[in-house]
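Each reported figure results from applying straightforward, stated rules to the coordinates on display, with no laboratory input. Not measured: the values here are computed from a predicted model. Here the Cβ positions follow ideal geometry from the backbone for every residue, glycine too, while neighbour counts run over all protein chains shown.
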Amino acid sequence: MSSQKVAIFDLDGTLLNTIGDLAVACNHMLRLRNLTEHIYEEYCHFVGNGITRLVERALPEELRTEEYIAAARCDFIDFYIEHIDCHTCPYEGIEEMLATLSAAGVKLAVASNKFNAGTRKLINRFFGHIPFAAIYGNRDNVPLKPAPDVLNEIVAECETSATECFMIGDSGVDMDCAKRAGICSIGVTWGFRCREELEQHGAEHIVDTPQDVVRIILEK
């Protein structure tokens, strides 16, 4: 078993500020149905558990049937995949963080609850020049985080051990996922959720800058 370190990143709210495009796409879906739109701050609390849950939370409670959510999700995806990078951008210092870790021999991976095609499109769009050992979004038959399945898959694919891995994310979902997989958790404060949420979900480290992520991983 290799002892190579692996840094596994959440996508939305960790590597990329995607909330603008998510909000625009969701509001587009709501306008198609003559439903009330939401503001930016609300979407920060709607995201984190995949697109289906995002759409469900945006809809009025009385419309949250399986059939209605599925139809609304299709409209969201159709618009979002075509406008996925209009307002999205990396957080400050992210590209330097990834480059530094890669140059130091740390393998990089992405584990997102965003649908797989969208996850891969954004990584290729913004970080196509950076080598990733694995890029996984939501796929059929693989449970969403906080289920540990995707992290276990990445550990096996990278031929390392969980003790050599780090899960970096902005939400309690990511911290819970890391704990269930036996992986060190690093919560970031620049994303969509607050420090208190990270603390409540047992983050082993909480950082304010991408440089702090580099320090923790390289010093371990």
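The 3J(HN,Hα) values that the Karplus relation (6.51, -1.76, 1.60; θ = phi - 60°) gives for segment 104-121 are, in residue order, 7, x, 7, 6, 10, 8, 10, 10, 10, 8, 5, 4, 4, 4, x, 4, 5, 5 Hz. Gly and Pro appear as x. Once the Cα atoms are used to define both axes, helix 94-103 deviates from the longest principal axis of the chain by about 30 degrees. Among 155, 188, sorting on how many other beta-carbon atoms sit within 10 Å of each Cβ, with the fewest leading, yields 155, 188. Residues whose amide H comes within less than 5 Å of that of residue 135, counting only those at least five positions distant or on another chain, are 110 (H built at 1.01 Å from N in the peptide plane). Between residue 129 and residue 92, the simple label model (points 7 Å from Cα in the Cβ direction) yields a spacing of 2.1 nm.
The label point for residue 34 and the one for residue 121, both projected 7 Å from the Cα toward the Cβ, are 3.0 nm apart. Shown here for segment 1-64: GluC sites (Glu not before Pro) in loop regions (DSSP other than H, G, I, E, B) with at most 14 other Cβ atoms within 10 Å, namely 37. Counting every other Cβ atom within 10 Å of each residue's Cβ, 8, 168 order from fewest to most as 168, 8. Shape class for segment 179-220: oblate, because the ratio a/c of the largest to smallest gyration tensor axis (alpha-carbon atoms, square roots of eigenvalues) is 1.5 or more and b/c is at least a/b. Restricting segment 74-140 to GluC sites (Glu not before Pro) that sit in a DSSP loop and have at most 16 other Cβ atoms within 10 Å of their own Cβ leaves 92. Taking amide H atoms as placed 1.01 Å from N in the peptide plane, the amide H of residue 87 lies under 5 Å from those of 21, each 5 or more residues away in sequence or on another chain. Between residue 104 and residue 41, how high is the FRET efficiency from 1/(1 + (r/R0)^6) when r is the Cβ-Cβ distance and R₀ = 35 Å? Nearest 0.05. For R0 = 35 Å, the calculated efficiency reads 0.40.
Principal axis extents of the C-alpha atoms in segment 19-82 (largest first, rounded to whole Å): 26, 24, 23. Loop-located GluC sites (Glu not before Pro) in segment 129-167 (DSSP state not H, G, I, E or B) with no more than 14 neighbouring Cβ atoms inside 10 Å: 159.
Each Cα pair under 8 Å and six or more residues apart adds its sequence gap; the mean of these over the residue count of the chain is a relative contact order of 26 percent. Given R0 = 25 Å, the distance between the Cβ atoms of residue 3 and residue 83 translates into a calculated FRET efficiency of 0.05.
Anisotropy class assigned to segment 121-169 is oblate, per the alpha carbon gyration tensor with a/c at or over the 1.5 cut-off and a/b no larger than b/c. Antiparallel beta bridges, as assigned by DSSP with both residues in the chain, represent about 10 percent of the total such bridges.
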